[in-house]
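S.K.: Mind having a look at this structure? Questions to follow.
Bear in mind that the values in this text are calculations on the coordinates, not laboratory data. Quantities reported herein were computed from a predicted structural model and do not represent experimental measurements. Because the Cβ atoms are built from the backbone with ideal geometry, glycine has one as well, and the counts that use them run over all protein chains shown.
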């Protein structure tokens, strides 16, 4: 009997793969039998992630994904090296904690370029017949619980994550004919390196408040990677256009 949760022989592209959730996705997917294409700017961190992968036909590409004109060449190269793509996870993202009075147009443009537009551009390219697995594919965008609930000083970030949640519904319907499923995952506070550095700057009272707002405690990168693996696997073949909230109960309040 085939295991519907297996990722064996699937070729999966991951952005933001040098750290945090993207890095853990690469490790988890390779453990489940996938070949992974890792994209990020930091080549040394990519090499470190690559060294920890299970055996497979993996690939690392150091590239700024906001250089949109270079993205198709990356996809073409990846397909030539490991085969057509059957999975895509857009994990690359930045957070900017600033009150509205301190924001300016360039900040919004930077946030949306990385968190939203680059992912949409990659999805558009991967969906082309010459790059897409003949059996179709699954696309997963990493949003945030901040895309559905509010928080002071996160207007730009929340807007970008909310954009993903809205857009994947339309993308899911548009890509049905190509047998591509499109979903979002909205994590709560996950203990990544980036989040930990921000966390350290907070007062003990603020730290306790954040922890208390997550009934199941803070999340680990593995919690999000496991959810991604499910959405990429055949076990989720009847799921598209959905935002899966993985937040330890944060938004249940």
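S.K.: Please state the shape class of the stretch 155-234: rounded when a/c is under 1.5, otherwise prolate if a/b exceeds b/c and oblate if not, all from the C-alpha gyration tensor.
M.R.: Cα axes put the stretch 155-234 in the prolate bin.
S.K.: Helix 20-31 against the longest principal axis of the chain: what's the angle in degrees, Cα atoms only, rounded to the nearest 10?
M.R.: The angle comes out at about 30 degrees.
S.K.: Taking the Kirkwood radius as the inverse of the mean 1/r across Cα pairs, report the Rg/Rh of the stretch 1-82.
M.R.: 0.98
S.K.: Among 15, 242, rank each residue by its count of other Cβ atoms within 10 Å, from fewest to most, as a rough exposure measure.
M.R.: The order, fewest Cβ neighbours first, is 242, 15.
S.K.: If one computes the Cα centroid of the stretch 136-187 and of the stretch 53-98, what distance in Å separates the two points?
M.R.: 18
S.K.: Now for a separate question. Determine, for 50, 139, the number of other Cβ atoms within 10 Å of each Cβ, and report the residues in order from fewest to most.
M.R.: Lowest count first: 50, 139.
S.K.: Do you know the relative contact order of the chain, to the nearest whole percent, from alpha carbon pairs under 8 angstrom that are 6+ apart?
M.R.: Rounded, it is 21 percent for the chain.
S.K.: Kindly put 144, 196, 236 in sequence by how many other C-beta atoms sit within 10 Å of each C-beta, fewest to most.
M.R.: Ranking 144, 196, 236 by Cβ neighbours within 10 Å, fewest first, gives 196, 236, 144.
S.K.: Which value at 222 nm does the chain reach when only helices count, each DSSP H run of 4 or more adding -39,500 (n - 2.57), with the total divided by all residues and rounded to the nearest 500 deg cm²/dmol?
M.R.: -12000 deg cm²/dmol
S.K.: Roughly what angle does helix 221-232 make with the longest principal axis of the chain, taking Cα atoms, 0 to 90 degrees, to the nearest 10?
M.R.: Once rounded, the angle reads 40 degrees.
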